[in-house]
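**Q** I have a structure I would like to understand better, so I am pasting it below and will then ask my questions one at a time.
The values are calculated or read from the model by the stated rules, or taken from the named source; none is laboratory data. The structure displayed is predicted, hence computed values, not measured ones. Cβ coordinates were reconstructed from backbone atoms using ideal geometry, including for glycine residues, and neighbour counts include every protein chain displayed. Only protein heavy atoms, including side chains, enter the accessible area calculation; ligands, DNA and RNA are left aside. Shrake-Rupley method; radii C 1.70, N 1.55, O 1.52, S 1.80 Å.
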Amino acid sequence: LLLQASESNEPLLRAHSIEALSMAPDDITDVARRGLGDENRAVRYTAAMTVGRLKLIGVAPLVEPLLHDESQSVQAAAIFALRRCGSDVNPTPLAQMLLSNDPEIKGNAAFVMGELGDKSAVAVLQSSLGKGLRGASAARVRVVELQMAEALVRLGQRQQLEPIHAALYAPNEEAELAALAGQMCGRLHDASIAPDLSNIMRDSSQSARSAEVRMAAAMALAQIDPARTQGTTAVGGPSAVDITMMYVQSEDYRLRAQAAMTLGMIGDVSTLPELTRLMSDPNPLV
């Protein structure tokens, strides 16, 4: 199914298939190689990042032309891939990207710097705070600010967890921001916020957060402390499985897709029948 999706006419499916096939080492090489030459910049970006994360050294020579890609986001991913594969490629273009007025470029450059793990990048990231993004909406600026904070945390600046924690409690009309903050807490394995994530996940009162935010909290908990999400019952309220299963039959395909991803991260085998049913979902992204 994933290999079929990698040849879909829909770029989003091609990009997601590359990410998912990262868990299938026998198949990812050919798909990543094809993705590097894709007509869509998001697919090229995903393919290059995958080459770097998996250190697909044999594919690295095909990444080199992407250093001159028309998309600066793809250039950033190419720098990441080549450096992770052992090349001494110059990372300084990333610093210029951090001054971009384009939120996508600035955010991706910050993300790549955090992933590379070079602590000398801290000063560059800090000096670019508040710069660029002219003409960007306030919502996009806040997303990029969170990406900058996540990168700085990855480079040892733990105090930058504060804006991420604060974003978890963004108002309901900014649910996308709160969900993003939850995802970041999971990626950063931030145990200090686990009690808050548990409360957000289990709250079913009138002030409960949106489905996106509750599932993002569940997924983050599964990454931080799997013991908090195992089992179909939980002391003090519904478990991560209980909450996620509320959305597997949602009319919104995006919620069904998020539920599938969340159940996969939780890893409770009792959910396999539901995941198997979702394999036949009418929406290919699910």
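**Q** For the list (1) open to solvent by 30 Å² or more (accessible area, probe 1.4 Å); (2) not in a helix (DSSP H, G or I), I need the number of the one condition that Ala208 fails.
**A** (1)
**Q** Something else: Out of curiosity, is Leu272 open to solvent by 90 Å² or more (accessible area, probe 1.4 Å), farther than 20 Å from Ser204 by Cβ and at pLDDT 95 or above?
**A** Numbers: open to solvent by 90 Å² or more (accessible area, probe 1.4 Å): yes; farther than 20 Å from Ser204 by Cβ: yes; at pLDDT 95 or above: yes.
Yes: the conditions hold for Leu272.
**Q** Have a look at Arg187, Arg158 and point out the one that is closer than 23 Å to Arg254 by Cα, surrounded by fewer than 18 Cβ atoms within 10 Å (Cβ to Cβ) and either out of contact with any Cys (no Cβ under 9 Å at 6 or more places or on another chain) or touching a residue at least 24 places away in the same chain (Cβ under 8 Å) (or both).
**A** Working: Arg158 fails: closer than 23 Å to Arg254 by Cα.
Arg187 is the lone residue from the list that is closer than 23 Å to Arg254 by Cα, surrounded by fewer than 18 Cβ atoms within 10 Å (Cβ to Cβ) and either out of contact with any Cys (no Cβ under 9 Å at 6 or more places or on another chain) or touching a residue at least 24 places away in the same chain (Cβ under 8 Å) (or both).
**Q** Here is a follow-up. Confirm whether Thr50 is without any contact (Cβ under 8 Å) to a residue 24 or more places away in the chain and hydroxyl-bearing (Ser, Thr, Tyr).
**A** Working: without any contact (Cβ under 8 Å) to a residue 24 or more places away in the chain: no; hydroxyl-bearing (Ser, Thr, Tyr): yes.
The answer is no for Thr50.
**Q** Next question, about the same structure. Going through the stretch 114-131 one residue at a time, which ones are open to solvent by less than 50 Å² (accessible area, probe 1.4 Å) and in a loop (DSSP other than H, G, I, E, B)?
**A** Gly117 - this is the single residue of the stretch 114-131 that is open to solvent by less than 50 Å² (accessible area, probe 1.4 Å) and in a loop (DSSP other than H, G, I, E, B).
**Q** Scan the stretch 243-264 and tell me whether some residue there is charged (D, E, K, R), open to solvent by less than 40 Å² (accessible area, probe 1.4 Å) and either closer than 20 Å to Ala170 by Cα or at pLDDT 95 or above (or both). Steps first, answer last, please.
**A** Within the stretch 243-264, the subset charged (D, E, K, R) is 251-252, 254, 256.
Right, trim to open to solvent by less than 40 Å² (accessible area, probe 1.4 Å) and you get 256.
After this cut, where a residue has to be either closer than 20 Å to Ala170 by Cα or at pLDDT 95 or above (or both) as well, the list is 256.
Yes - at least one qualifying residue is present in the stretch 243-264.
**Q** Moving to a separate point now. Is it the case that the stretch 70-89 has a residue that's part of a loop (DSSP other than H, G, I, E, B) and surrounded by 20 or more Cβ atoms within 10 Å (Cβ to Cβ)? Working first, answer last.
**A** Let us first name the residues in the stretch 70-89 that are part of a loop (DSSP other than H, G, I, E, B), namely 70-71, 85-89.
Imposing the further condition that a residue be surrounded by 20 or more Cβ atoms within 10 Å (Cβ to Cβ) reduces the set to none.
No.
**Q** Something else about it: Given the criteria at negative phi, modelled with pLDDT under 95 and either crowded, with 20+ Cβ neighbours inside 10 Å or not aliphatic (A, V, I, L, M) (or both), does Asp26 qualify? Break it down into steps so the answer makes sense when it comes.
**A** Working: at negative phi: yes; modelled with pLDDT under 95: yes; either crowded, with 20+ Cβ neighbours inside 10 Å or not aliphatic (A, V, I, L, M) (or both): yes.
Yes; evaluated as a whole, the condition is true for this residue.
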